[in-house]
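Only one structure is covered here, and it is reproduced in the block below.
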2 protein chains.
Amino acid sequence: MSKNVLYAQAGGITAVINASAAAVLETAQSHPERFGTVYAAINGIVGVLEERLVDMSQLDASQIKQLKTHPGAAFEACRFDLDPLEDNPEQYERVLTVFKHYDIGYFFYNGGNGSMVTAQKVADYCTSQGHPVTCIGVAKTIDNDLDISHCSPGFGSAAKFIASSLLEVNMDLKSMHNTSTKFLAFESMGRNTGWLTIAGGLIKNAIPDIPLLILPAERAFNKQKFLARVQQLFDEKGYCLCVVSEGLQDEQGNYVSITNIEHTHLQDYTQLGGVADALSHMVAQEMGVKTHSITPDYLQRSASHFVSKTDWQMAYDAGKSAVIAAMNGEHGVLPIIEVTSESPFSWRFTNVDLMTVADLEKTVPDHFLTPDGMDITQAALDYLTPLIQGEMPFTYVNGLPDIRLFDFSLLPQQLAPYKIVK
Amino acid sequence: MSKNVLYAQAGGITAVINASAAAVLETAQSHPERFGTVYAAINGIVGVLEERLVDMSQLDASQIKQLKTHPGAAFEACRFDLDPLEDNPEQYERVLTVFKHYDIGYFFYNGGNGSMVTAQKVADYCTSQGHPVTCIGVAKTIDNDLDISHCSPGFGSAAKFIASSLLEVNMDLKSMHNTSTKFLAFESMGRNTGWLTIAGGLIKNAIPDIPLLILPAERAFNKQKFLARVQQLFDEKGYCLCVVSEGLQDEQGNYVSITNIEHTHLQDYTQLGGVADALSHMVAQEMGVKTHSITPDYLQRSASHFVSKTDWQMAYDAGKSAVIAAMNGEHGVLPIIEVTSESPFSWRFTNVDLMTVADLEKTVPDHFLTPDGMDITQAALDYLTPLIQGEMPFTYVNGLPDIRLFDFSLLPQQLAPYKIVK
């Protein structure tokens, strides 16, 4: 007997998150004996509570094609987690009501660790109330901090964006440095981990002796050692390109960014940013040279023009594997990536317990960094290089990328309205 | 009787400046009766003084092909102008010595207004000393502030980068705004002019009703009116995307940027930057929402992945037209773009007096901006749209753009060494 499917997106987006959405849809549709209608909730669990749902099964071929390469979260990704059950049982009852009404038996949550744990709690609650729901996670994060998994879907494309952008910018800096800018800092996302920062090192595959400094979040920033290394690169090459984690901290644990403004109106959130500016001002003032800085911010995770085909395939496979796991009777698992061959590079998805992986955070290992912590090793390059291989078709309309709003119809609401109170 | 050619690059680069270099080479080579060896000076006029020259005629077909799409200034662009003749006649004598030694009869300078005027003074000096030199400018600037010309080679590609990037980022912001970031500021280059800022408005061709605020340098920033407009877009669409000129000033003429740090060790130079940060902090603090900001900086002018084919052709034609102008006996002119047909869009190059155009700066005209100065009109869109049309082939090697260092051999120095003293 088939049950219906609910798919939702949560947390920071990736450039390939919608490939996972398409995979959930296509895989579930290919098994009608197990899966009925495939719904998507708009804005993650918020859309479940508010009964804002889309019938994905109604998407036509051209919409599915668009979905597969659409940047942003096509169904809107929430940064919202349910309260603990004991604090707000009404939230869980509401979800149960919605799940029952739409006969949801499978819940695929494409989100970060925290969101997926909440999803599993929801599924467990429904099951305990006599409405069995299978919950399977769909991995995604540009930060690559998901542990156990070889890498995270979304990381390869962000890595490709960062390395490709640095390659272009290097040519600018190199061609101007004799009489103008000598130092340029490029700020990558990553609050606690430097995976995106070390991805900048991929530029070495094109220019092995590039004067590049890599400052990952895992290593405390030491101003004297940093300036000495910049001077060394100035002496050797005349200029210095620097890629730095937004979350870089000094040896006292203080963020290096100039403007660490607390957004006190937002609970539990301190916005980072400004570390590239901070370093470029530092070099300008201490060394008397002209400097620049780049903060690509959201471009890192929405740049559909630099999507890695390998990464895209991993994101698709993440969605597909989640549906297959459900078919195999799994519950409360997250399909993660296991490399089966280094050359040719290949992988498969295997399932790990959601609760186990949720509390872990994968940082850049020591052997990926040189002893001074400001460069990467060959081992790191060997790890990174396969993840950015291949490109997706990229088309233009009227001089701009062929990116349109992703259009769909919301299902008419059938339940009593529900207002979220936090 | 043929004379040799000197080509050099100066000032901020564009993504298509090297198309002009290739055009000078190819056009001159196709007229051997007039043009002998084509030299390039490394680092603009600095390379002339220091006798750091390349024989471009020795570039092979694959190098010329690479040159045509190489980002950065292949021959290095200087930010260096000669002193006034009366202050430093030795500089001019040195240039004359180099020009005589290499039998330079044509000087094509691919630079900003100031640089080109210096180039003409050099040519005039040489001519007055019995060594006639024809000087022709080759236009380039991403800022689009070159007057009389319909637009500037380099602008279309930067415009395409900005609009394309905004289009991708919009999908990110739109998909997250319900429970996360509601405001994102994107900082475009342009100290005095808002051409690159209004280029962000090209996104309206893809999403006509996008909640976009455009803040060009030509309009004084008024905090209250800005915040009111942001609130209006929040009310209408739930979020707001903002593109802003780095040189935005308030009604008192103060830069809006947070960190207007004077680099006092650099003469006559105040580095801007930080206005996007400033606006995003302002919105966060005044309106209590999460905000982000993007500073693409050099990416705007080095992004070979978003080169406009139209712009590329204009850059090529600028170099070609300069050589043709020289063949036609012109001197002290700059070939500029005149539109010959709106539909289909076509143009030709005509020559204007270098000295006349050098002192002018083209700002965004009033009729391109809405009365409140925070949006663009259809007239602006009609102007911008043709400039971003078409794409150039873009290839990858090992997962990264096929961008390598541009390799060439310096000619052995034959003259006494010369040390630049400023």
* Condition met for A:GLY12 (at pLDDT below 95 and outside any helix (DSSP H, G or I)) -> yes
* To do: Give A:GLY319, A:GLY329 a once-over and let me know the one that is at pLDDT 90 or above, farther than 30 Å from B:PHE183 by Cβ and either among the basic types (Lys, Arg) or crowded, with 24+ Cβ neighbours inside 10 Å (or both).
  => A:GLY319
* Asked: Tally time: how many residues in the stretch A:35-86 are among the aromatic types (Phe, Trp, Tyr) and modelled with pLDDT under 95?
  -> 1
* Which one is surrounded by the most Cβ atoms within 10 Å (Cβ to Cβ) among residues in the stretch B:164-180 that are assigned to a helix (DSSP H, G or I) and either more than 7 Å from every other protein chain (Cβ to nearest Cβ) or in contact (Cβ under 8 Å) with a residue 24 or more places away in the chain (or both)? -> B:LEU166
* Asked: Is it true that some residue in the stretch B:35-51 is closer than 29 Å to B:PHE161 by Cβ, more than 14 Å from chain A (Cβ to nearest Cβ) and in contact (Cβ under 8 Å) with a residue 12 or more places away in the chain?
  -> no
* **Scope the stretch A:106-154; condition of a type in the set (Ser, Thr, Tyr) and either within 19 Å of A:VAL364 (Cβ to Cβ) or touching a helix residue (DSSP H, G or I) at 6+ places or on another chain (Cβ under 6 Å) (or both); matching residues** => A:TYR106, A:TYR109, A:TYR125, A:THR134, A:THR141, A:SER149, A:SER152
* To do: Check the stretch A:373-382 and report whether any residue there is more than 14 Å from chain B (Cβ to nearest Cβ), more than 30 Å from A:ASP124 (Cα to Cα), touching a Lys or Arg at 6+ places or on another chain (Cβ under 7 Å) and crowded, with 17+ Cβ neighbours inside 10 Å.
  => yes
* Structure fact -> Sole miss for B:VAL352 among (1) more than 14 Å from every other protein chain (Cβ to nearest Cβ); (2) within 30 Å of A:LYS160 (Cα to Cα); (3) not hydroxyl-bearing (Ser, Thr, Tyr) is condition (2)
* To do: Answer yes if at least one residue in the stretch A:92-110 is within 13 Å of another protein chain (Cβ to nearest Cβ) and under 30 Å from A:LEU381 (Cα atoms), and no otherwise.
  => yes
* To do: Please indicate, with yes or no, whether at least one residue in the stretch B:15-27 is within 15 Å of the chain's Cα centre (by Cα) and either in a loop (DSSP other than H, G, I, E, B) or over 17 Å from B:SER302 (Cβ atoms) (or both).
  => yes
* **Test: residue in the stretch A:277-295 that is buried (at least 21 other Cβ atoms within 10 Å of the Cβ) and either assigned by TED's automatic domain parsing to the domain that holds A:GLN66 or under 16 Å from A:LYS140 (Cα atoms) (or both)** => no
* Does B:GLN414 count as surrounded by fewer than 13 Cβ atoms within 10 Å (Cβ to Cβ) and either within 24 Å of the chain's Cα centre (by Cα) or in contact (Cβ under 8 Å) with a residue 24 or more places away in the chain (or both)? -> yes
* Asked: What are the residues in the stretch B:44-59 that are in contact with a strand residue (DSSP E or B) (Cβ under 8 Å, 6 or more places away or on another chain) and assigned to a loop (DSSP other than H, G, I, E, B), if any?
  -> B:GLY44, B:ARG52
* Structure fact -> For A:ALA41, the lone unmet condition from (1) closer than 18 Å to A:ALA315 by Cβ; (2) crowded, with 24+ Cβ neighbours inside 10 Å; (3) not acidic (Asp, Glu) is (1)
* **Matching residues, the stretch B:275-287, being within 9 Å of chain A (Cβ to nearest Cβ), small (Gly, Ala, Ser) and closer than 18 Å to B:ALA220 by Cα** => B:ALA276, B:SER280
* Asked: Counting just the residues of the stretch B:181-202 that are more than 14 Å from B:ILE294 (Cβ to Cβ) and buried (at least 24 other Cβ atoms within 10 Å of the Cβ), which one comes out farthest from the other protein chains (Cβ to nearest Cβ)?
  -> B:GLY194
* To do: Would you be able to say whether some residue in the stretch A:217-238 is part of a helix (DSSP H, G or I), touching a Pro at 6+ places or on another chain (Cβ under 6 Å) and within 14 Å of chain B (Cβ to nearest Cβ)?
  => yes
* Asked: Which of the following residues is surrounded by 17 or more Cβ atoms within 10 Å (Cβ to Cβ), at negative phi and free of Cβ contacts under 8 Å to residues at least 40 places away in the same chain: B:PHE306, B:PHE349?
  -> B:PHE349
* Odd one out for B:LEU381 among (1) modelled with pLDDT under 95; (2) under 22 Å from B:PHE155 (Cβ atoms) -> (1)
* **Single residue of the stretch A:53-82 satisfying the filter (in contact with a Lys or Arg (Cβ under 9 Å, 6 or more places away or on another chain) and more than 10 Å from chain B (Cβ to nearest Cβ)) that is surrounded by the most Cβ atoms within 10 Å (Cβ to Cβ)** => A:LEU82
* Count, please, the residues in the stretch A:139-150 that happen to be closer than 20 Å to A:VAL24 by Cα and in contact with a strand residue (DSSP E or B) (Cβ under 9 Å, 6 or more places away or on another chain). => 3
* Members of the stretch B:288-331 that are in contact with a helix residue (DSSP H, G or I) (Cβ under 7 Å, 6 or more places away or on another chain), within 11 Å of chain A (Cβ to nearest Cβ) and in a helix (DSSP H, G or I) -> B:LEU299, B:GLN300, B:ARG301, B:SER302, B:SER304, B:HIS305, B:PHE306, B:THR310, B:ASP311
* Asked: Which residue pairs have Cβ atoms under 7 Å apart, sit 6 or more places apart or on different chains, and have a first residue in the stretch B:355-374 that is among the β-branched types (Val, Ile, Thr) and a second that is modelled with pLDDT of 95 or more and in a helix (DSSP H, G or I)?
  -> B:VAL364/B:TRP195; B:VAL364/B:ILE198
* Hey, B:PRO393 hits all of (1) within 14 Å of chain A (Cβ to nearest Cβ); (2) surrounded by 12 or more Cβ atoms within 10 Å (Cβ to Cβ) but one; which does it fall short on? -> (2)
* Of (1) hydrophobic (A, V, I, L, M, F, W, C); (2) buried (at least 23 other Cβ atoms within 10 Å of the Cβ); (3) within 13 Å of A:LEU334 (Cβ to Cβ), A:ILE104 satisfies all except one. Which? -> (3)
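The values are calculated or read from the model by the stated rules, or taken from the named source; none is laboratory data. Model, not experiment: these values are computed from the prediction. Glycine gets a Cβ as well: all are built from the backbone with ideal geometry, and neighbour counts include every protein chain shown.
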